[in-house]
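Where a number appears in this text, it was derived from the coordinates with a stated rule and is not lab data. Worth saying up front: this structure is predicted, and the values here are computed from it rather than measured. Cβ coordinates were reconstructed from backbone atoms using ideal geometry, including for glycine residues, and neighbour counts include every protein chain displayed.
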Amino acid sequence: MKNILKYGIMAFTVGVAVTSCDDWTEPESVGVKFEDVTQKDPEGYAKYLENLRAYRKNGHKKVYAWYDNKASFSSQAHHVSAVPDSIDVLVLANPHLVSNELKAEMEKKRSDTGMQMAYTVDYATIKKVWTSKQELATPENPAPEWGAFLADSLNIAYSYAGILGFDRIIAAYDGKAFSMLPDDEQNAYKADQAAFLNPLKSWVANNPGKGFDFIGIPANIDGVAFLADAGVVFLSESLSATNTTEFGYIIDRNKVEGVSADKFAVMAALPVLDANQASVGKWGDSYSSWKAAEWARGADVCALGLTNLADDYYDPNFTYKVCRTAIQILNPAAK
């Protein structure tokens with residue numbers, strides 16, 4: 001592949017030299033709007049996008065970013081079009097809030113850059129909503145039975161993939177160490193787990209053109225064979241880690257028969273805007289995402305998950321500064 005600088009992408013302010021398809025890593029423009037580049041050098045921008053789509057296939061460590069999408073656009077931070085191009089999978093927190101305008105941005109981002117769009121189906125979130133309904137129930141307005149509520153919730157959740165054109169679904173389930181439970185509780189636990197996971201298995205079987213991933217604790221899953229078809233298995237406990245040494249412990253405890261450790265990935269939080277949560281996204285004075293990216297670069301993991309992406313947009317100099325730097329650390333641009 002020819003050097004990308006030849007095609008007029010010198011407006012991109014982070015390293016952009018490219019030597020081959022095999023070692024090329026897409027460098028991010030920071031503080032530069034792509035619209036300006038398309039106007040100044042449409043041929044160069046087209047070549048940039050071509051190289052970017054090729055990058056998706058070069059075996060790099062993938063980056064998933066969780067994004068709190070809004071029902072309407074009130075700033076650039078709410079536009080999918082503005083997120084860093086080198087994110088491999090953008091995970092929307094609110095698939096039920098995807099407007100036609102946002103859907104159009106998702107489709108353009110996908111077609112231009114090869115980025116995939118996903119959302120999470122989370123057992124804990126469904127359980128939390130059901131618990132709230134239980135607390136608010138009255139004799140005149142009783143709460144739904146858990147099994148029926150779970151089934152209805154999953155039916156709605158999985159419908160978004162087809163209606164809105166998502167590329168993948170991410171199932172989130174932590175569970176608990178069921179092997180320590182009494183037999184009667186263990187059987188009930190396994191049945192409840194199956195009620196959550198079986199619809200996922202059915203969706204995967206009926207949607208061969210789509211992908212799926214998993215977030216959770218594989219050691220707590222009864223029957224992990226379905227994870228062989230997952231693209232990435234994010235270890236949810238990694239999001240609570242306070243240093244990279246803990247990543248090793250978390251990986252080791254989840255190496256169970258039937259789950260390929262090659263699919264494992266860790267997660268880290270990006271900083272948030274809320275001053276009362278200043279410690280989020282930090283390990284001491286360092287960004288946890290940068291430390292995690294540095295560790296993941298040399299570790300036997302296939303991806304890095306970054307949460308709180310929308311808040312990272314706001315920086316007076318570089319939009320998405322922490323995320324962009326984490327990506328650069330994980331997959332350094334060729335020199």
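When shorter helices are ignored and each DSSP H run of at least 4 residues is given -39500 (n - 2.57), the per-residue value for the chain at 222 nm works out to -12000 deg cm²/dmol.
Can you give me the relative contact order of the stretch 199-332 as a percent, contacts being Cα pairs under 8 Å and 6 or more apart? After rounding, I find 20 percent. Span-like helix criteria (full DSSP H runs; alpha carbon extent of at least 18 Å along the helix axis; mean Kyte-Doolittle hydropathy of at least 0.0) are satisfied in the chain by 146-164.
What is the magnitude of the charge dipole of the stretch 60-330 about its Cα centre, with +1 placed on the Cβ of each Lys and Arg, -1 on the Cβ of each Asp and Glu, and no other charges, expressed in debye to the nearest 20?
600 debye
The value of relative contact order for the chain, using C-alpha pairs under 8 Å at least six residues apart, is 18 percent.
Between LYS176 and SER72, the modelled label-to-label distance comes to 4.3 nm, taking each label 7 Å out from Cα in the direction of the beta carbon.
Rounded, prolate or oblate: which one fits the stretch 290-335, using the alpha carbon gyration tensor with axes a ≥ b ≥ c (rounded when a/c is under 1.5, else prolate when a/b beats b/c, else oblate)? Each step should come with its number before you reach the end.
Numbers: a/c = 3.01, a/b = 1.59, b/c = 1.89.
Note, shape of the stretch 290-335 comes out oblate.
On the basis of the beta-carbon distance and an R0 of 22 Å, GLU50 and HIS79 show a calculated FRET efficiency of 0.40.
At an R0 of 41 angstrom, the distance between the Cβ atoms of LYS255 and GLU107 translates into a FRET efficiency of 0.60. Mind checking which aspartates and glutamates have their Cα closer than 12 Å to the Cα of LYS70? Skip sequence neighbours fewer than 8 apart in that chain. Correct list for LYS70: GLU101.
Annotation: aspartates and glutamates with alpha-carbon distance below 12 angstrom to LYS210 (same-chain offsets under eight excluded): ASP167, ASP229.
Determine the alpha carbon to alpha carbon distance for each of LYS176/LYS201; LYS40/LYS61; LYS263/LYS321; LYS61/LYS109; LYS62/LYS263 and list only those over 22 Å. Violating the 22 Å limit, Cα to Cα: LYS40/LYS61; LYS263/LYS321. For the stretch 145-175, the residues whose backbone nitrogen is under 18 Å from a point 7 Å from the Cα of ALA191, taken along Cα to Cβ, are 145-152.
Using only the alpha-carbon atoms of the stretch 60-330 as identical scatterers, what base-10 log of I(q)/I(0) does the Debye formula give at q = 0.07, 0.11, 0.12, 0.13 Å⁻¹? Cα-only, vacuum Debye calculation for the stretch 60-330: -0.26, -0.66, -0.78, -0.92. Using only alpha carbons, the stretch 142-285 has a radius of gyration to Kirkwood radius ratio (Rg to Rh) of 1.00.
Legend: calculated FRET efficiency, ASN141 to ASN198, from the Cβ-Cβ distance at R0 = 30 Å, rounded to 0.05, equals 0.50. Within the stretch 208-264, the trypsin sites (Lys or Arg not before Pro) that combine a DSSP coil assignment with at most 13 other C-beta atoms in a 10 angstrom radius are LYS255.
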